[in-house]
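For reference, the structure discussed in these notes is given below.
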Amino acid sequence: MSCLMPPELDDGQLLAYLTGNAPVAVRQHLEQCPSCRARLETLQGWQAWLAKNLYRTPCPPSLELGEYRLEILSEEQNAKIEQHLAWCPHCRSELQLFGDDEQVVRSNPKVNSFQEIANRVRIVIARLQEDLTGWSLESPTPVLAGMRGQETARSLTYDADDFEISLLIQPDAAQPTQRMLLGWLSEHENDQATEVYLWHGVQQTATTRVDDLGNFAFSALPPGRYNLILHSDTHDIYINDLDL
Amino acid sequence: MPLVTDLRDLPLVGIAQGCQKESQRYFQHLPYDPRYCYELFRRAIVERNQQAWELLYAQYLPLIQGWIKKYKNLVTGNEGIAEFVNAAFAKFALAVNAEKFNGFPNLKSVLRYLEMCADSVMVDHQRATNRQQELDHEPAKPDFVEHLLDELTRQDLWKRIERHLRDDTEKLLMFSLYGLGMKPSEVCQQWPEQFPGIKRTQQIHQNILDRLRRDLAIWQLYKENQPDE
């Protein structure tokens, strides 16, 4: 098909028509000439495709914009972003969405130095002092208890800085397949709240508090390997790899 | 020697426990020890410890949810929030490797980066929403994988187009017309120094389009994306 009203319209005239800047003569030509109209449609499709695929495509990825905001980009990257920001109102506006510094540290001025913190909390890994396996509450003689075929208890004593921790592991009377863990913390002061956390794998399975007399207890614990953590404002005591 | 001076000696659960307790103190505005949480991040990122990741996720889920909820106009329902939170974690995990983590001097800087990742996810969503509104008039869905693939293809196209642009003026024109969706007259108004008249602007535009159409790779990509006739 060729132009019905030569000379045919050039791309510049077609482009002017698409952007609404074409003179009347071009509009009239297009109304009467199917050939030039077909070329117009191709150009229109091409432009629409570019528009669809390029809308905000040259903008830096949002993560890069965020890193610019955090001032952790190289000088070269900064310069590139700044040139883009000069051109792009969208990115300038998005930059405002990235939180300011103070949002993370929200009004908390009491961040102490590491030395102050170290003085506040002593972290101690308890050391096993004594492991008495095989005695029961009924028979204080471990060997005899085992011979009677009873489920036996296990008594462990740990040393942790100024503290001593005694643990008794025994079958849970209410659920014989489960375990009960009884503990006692020495040097426990009534005004000092101590929380006890029991972890099984990476799950925190139980928590309790040390009572006024220094005792704590957990029941209905499935057999397995645990970590026990005693936490107070002055101490964190860890008993690792406790087999129940 | 049971006294611990280096948190790297503690078992993972001890670190998680400490992070949890110290975070509570932080939110109660009490003096707190940031080292536990920093160590949890370190094990997750530097040591690539999967269990540390799980504990980190559990620990910071509420905080990230809070950050996402700031964007009330972009988030609808808890399901949406969960997807954004996961996307923020994924973005953080992909962006921060051991080398980058070692550049974070303290917990504050790590959390700033994590918060930035959450913001970045919301910026991506807003971009996708605006794009849909601008081009298709359909609501955007938070499908991050699809979005990423789409984004990569379009980035390639732009890089290819950039090769045909001879100077910053041409680049600015293409960016304004197609990247921002401006009309030629608006471009002239916005950048009178570079584009003093509509006729000249149209000429530059036409020259660029001619060059692009002569690039077979671009033309082929265009043809492939056309509906079958």
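Could you compute the FRET efficiency for residue B:219 and residue B:51, with r as their C-beta to C-beta distance and R0 at 56 Å, rounded to 0.05?
0.60
Taking one quarter of the surface of the C-alpha convex hull of region B:24-144 gives a mean projected area of 8.3 nm². Using a simple spin-label model with pseudo-atoms 7 Å out from Cα toward Cβ, residue A:48 and residue A:217 lie 7.8 nm apart. Looking at the protein assembly as shown, I'd like the Rg to Rh ratio, where Rg is from alpha-carbon atoms and Rh is Kirkwood's inverse mean 1/r. Result: Rg/Rh = 1.21.
For region A:53-99, GluC sites (Glu not before Pro) meeting the loop criterion (DSSP other than H, G, I, E, B) and having at most 15 other Cβ atoms within 10 Å: A:71.
With a cap of 14 neighbouring Cβ atoms within 10 Å, and only residues DSSP puts in a loop, list the GluC sites (Glu not before Pro) found in region B:33-141. Answer by residue number: B:47. Put a dot 7 Å past the Cα of residue B:210, heading toward its Cβ, do the same for residue B:99, and the two dots end up 4.5 nm apart. Straight Cα distances below 19 angstrom link residue B:21 to the lysines A:110, B:108, with same-chain residues fewer than 8 positions distant left out. In this simple spin-label approximation, residue B:9 and residue A:38 carry label points 7 Å from Cα along the Cα→Cβ vector, and these lie 8.5 nm apart. Over chain B, Cα pairs under 8 Å with separation of 6+ residues give a relative contact order of 12 percent.
Can you tell me how region A:17-90 classifies by the Cα gyration tensor, rounded, prolate or oblate, using a/c under 1.5 as the rounded cut? Since a/c reaches 1.5 and a/b is larger than b/c, the shape of region A:17-90 is classed as prolate. Sorting B:185, A:155 by accessible area puts them as B:185, A:155; the probe is 1.4 Å, largest comes first, and only protein heavy atoms count.
So which lysines can residue B:199 reach, going by Cα to Cα under 16 Å and dropping same-chain residues fewer than 8 places off? Qualifying lysines at Cα under 16 Å: B:183.
Note on chain B: with a GNM built from Cα contacts shorter than 10 Å, the maximum mean-square fluctuation among B:80, B:14, B:179 falls on B:179. Hey, what angle do you get for helix B:35-45 against the long axis of chain B, alpha-carbon based, 0 to 90 degrees rounded to 10? With both axes taken from Cα atoms, the answer is about 50 degrees. Helix B:77-95 axis versus longest C-alpha principal axis of chain B: approximately 90°, rounded to the nearest ten.
The lysines whose alpha-carbon is closer than 25 Å to the alpha-carbon of residue B:72, local same-chain residues fewer than 8 away aside, are B:91, B:141. Here the convex hull built on the C-alpha positions of region A:159-235 has a volume of 93 cubic angstrom per residue.
Mind scanning A:80/B:171; A:52/B:171; A:80/B:70 and naming the pairs with a C-alpha gap bigger than 21 Å?
Going by Cα-Cα distance, A:80/B:70 fall outside the 21 Å limit.
Residues A:179, A:122, B:8, sorted by accessible area with the largest first, give B:8, A:122, A:179 [1.4 Å probe; ligands and nucleic acids excluded].
Might you report the magnitude of the Cβ-based charge dipole of the protein assembly as shown about its Cα centre, with Lys and Arg at +1 and Asp and Glu at -1, to the nearest 20 debye? The dipole magnitude comes to about 1660 debye.
With q set to 0.07, 0.08, 0.10, 0.11 Å⁻¹, the log10 of I(q)/I(0) for chain B, from the Debye formula over equal scatterers at the Cα positions, is -0.39, -0.49, -0.68, -0.76. Mind giving me the FRET efficiency for residue B:108 and residue A:83? R0 is 30 Å, r the Cβ-Cβ distance, nearest 0.05 is fine. Using R0 = 30 Å, I get an efficiency of 0.50.
The values are calculated or read from the model by the stated rules, or taken from the named source; none is laboratory data. Owing to the predicted nature of the structure, the values given are computational and were not obtained by experimental measurement. Note: ideal-geometry Cβ built from the backbone for every residue, glycine included; neighbour counts use all protein chains shown. Accessible surface areas use protein heavy atoms only, side chains included; no ligands, DNA or RNA. Shrake-Rupley method; radii C 1.70, N 1.55, O 1.52, S 1.80 Å.
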